[in-house]
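Encoded as structure tokens, here's the structure I'll be asking about.
Each value in this text was obtained by applying a stated rule to the coordinates, not by laboratory testing. Everything numeric in this text was worked out from a predicted model, so none of it was measured. We place every Cβ from the backbone using ideal geometry, glycine too, and count neighbours over all the protein chains shown.
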Amino acid sequence: MRDETPWVIVWGYGSDIRATRRILTIRKGTSRRSYPLSSIRHLLIAGNHTLETAAIEHLLANNIPVSFFDVHGESVGAIQPPGYSAPPLRSAQKNVPIHRFAMSVIVSSLKSRMRYLNELGSGCVDGLYYKGELEILTDASHELEYLITLPELVRVFSLTRNMYYEILSRVVAPELGYLRREKPPYLDPVNAMFSHGYAVLYANIAVSVVGAGLDPEIGSLYGHAISLGKNRRACVMDIMESLMTSMVDRVVIDMAQRGLIDGRYEISSRCLLSEKLMTEFNICLTDSINSDVIDQAVMNYINAVKFGSGCST
């Protein structure tokens, strides 16, 4: 059993969140969860809940940040403990070679996705790729070093990312209704789980980024070549790109292939995941989202910023 809870997640609707000087308590209906504040690193709240002002006071007094997300997993803001100063690496971040950094982010991301697809493909009797797809992905990875403008890099990045998510649909049951990565509201459980997993990953990276002295608003691929979504921070998104596959995608696809999603969601105007499915998913994410790996990725980014080289994770 862990001595420390990497994060506590309150998801959905109707929870009552309170805290004393030592204990965080979350009540929903007849259920109750309690956590010593000394064991918590981060509180994530997604959906519509009741949060007492005193709870915020006690959380911040214990140096615990609180991140807020809508029901789709989109970030809507955060409250950080007092004492954070202006990021000391901000000036260096502003002077990095944007093109080189953006390319490094794309190359790392594409490599991680292709490794995973090749791993999945090795277990497919009929093959995973349609005719020409593997060649397109391989050629794109070789083409990157010759692209000299940011729009060209984004074109290749968008093409390969979209192909990746479509190819993933071939290893999950068609009954789940997943075809490709969509925008909210999500109408299938796989997209809904991707969104939640990315929200948790984002929040954990954001904490490490701020704690390391980076300005989370300054990025290279994001914020320059790609515009940011609502309440997204460019530096966090840059670092997150190459970690999404190993820390989130693998978990979602594995659960889908094992049949753990089947019949545990409802679809009306959007896909609603059952509480039991979310509990199991969050347990898997706790094992998959590795704080040490995140911290190392942030340190690699810092070193790249300091020395002006491309970043890699």
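Quick check on segment 8-64: what are the equivalent-ellipsoid semi-axes from the Cα gyration tensor, as sqrt(5λ), descending, whole Å? Please report the intermediate quantities before stating the final value.
Numbers: eigenvalues 61, 25, 21 Å².
After scaling each eigenvalue by five and taking roots: 18, 11, 10 Å.
I need the Kirkwood Rh of segment 136-230: take the reciprocal of the average 1/r across all distinct C-alpha pairs and report it in angstrom.
For segment 136-230, inverting the mean 1/r across all distinct Cα pairs yields 15.8 Å.
Principal axis extents for segment 175-260, Cα atoms only, whole Å, descending order, please.
44, 22, 17
What Kirkwood hydrodynamic radius do you get for segment 32-167 when you take the inverse of the mean 1/r over all pairs of distinct Cα atoms, in Å? Spell out each step's value before the answer.
Details: mean 1/r = 0.0518 Å⁻¹.
It works out to 19.3 Å.
Right, here's the next one. Grab the DSSP H runs of the chain that are 4 residues or longer, score each as -39,500 (n - 2.57), total them, divide by all residues and round the 222 nm result to the nearest 500 deg cm²/dmol.
Result for the chain, helices only: -14000 deg cm²/dmol.
Can you give me the orientation-averaged projected area of the convex hull built on the Cα atoms of segment 90-307, in nm²?
Averaging across all directions leaves 12.4 nm² for the Cα convex hull.
Under a GNM of the chain (C-alpha, springs under 10 Å), which listed residue has the highest mean-square fluctuation: CYS124, CYS235, CYS271?
CYS124
Another one. Percent relative contact order of the chain, based on C-alpha pairs within less than 8 angstrom and at least six residues apart? Please list the in-between numbers first.
On the way: 479 pairs, mean separation 55.5, N = 313.
It rounds to 18 percent for the chain.
Dipole magnitude of the chain about its Cα centre, charges +1 at Lys/Arg Cβ and -1 at Asp/Glu Cβ only, in debye to the nearest 20?
Around 720 debye, computed over the chain.
While we're on this one: Enumerate by residue number the GluC sites (Glu not before Pro) in segment 1-65 meeting two conditions: DSSP loop (anything except H, G, I, E, B), and at most 16 other Cβ atoms within 10 Å of the site's Cβ.
Of the GluC sites (Glu not before Pro), the ones in loops of segment 1-65 whose Cβ has at most 16 other Cβ atoms within 10 Å are GLU4, GLU52.
Here is a further query. Just to compare against my own numbers: the Cα pair-distance distribution for segment 252-308, 10 Å bins, whole % per bin, please.
The percentages, shortest bin first, are 20, 32, 20, 18, 10, 0.
Please sort 100-108, 254-262, 43-51 by packing, taking for each peptide the average over its residues of neighbouring beta carbons within 10 angstrom, highest first.
Ranking the peptides 100-108, 254-262, 43-51 by packing returns 100-108, 43-51, 254-262.
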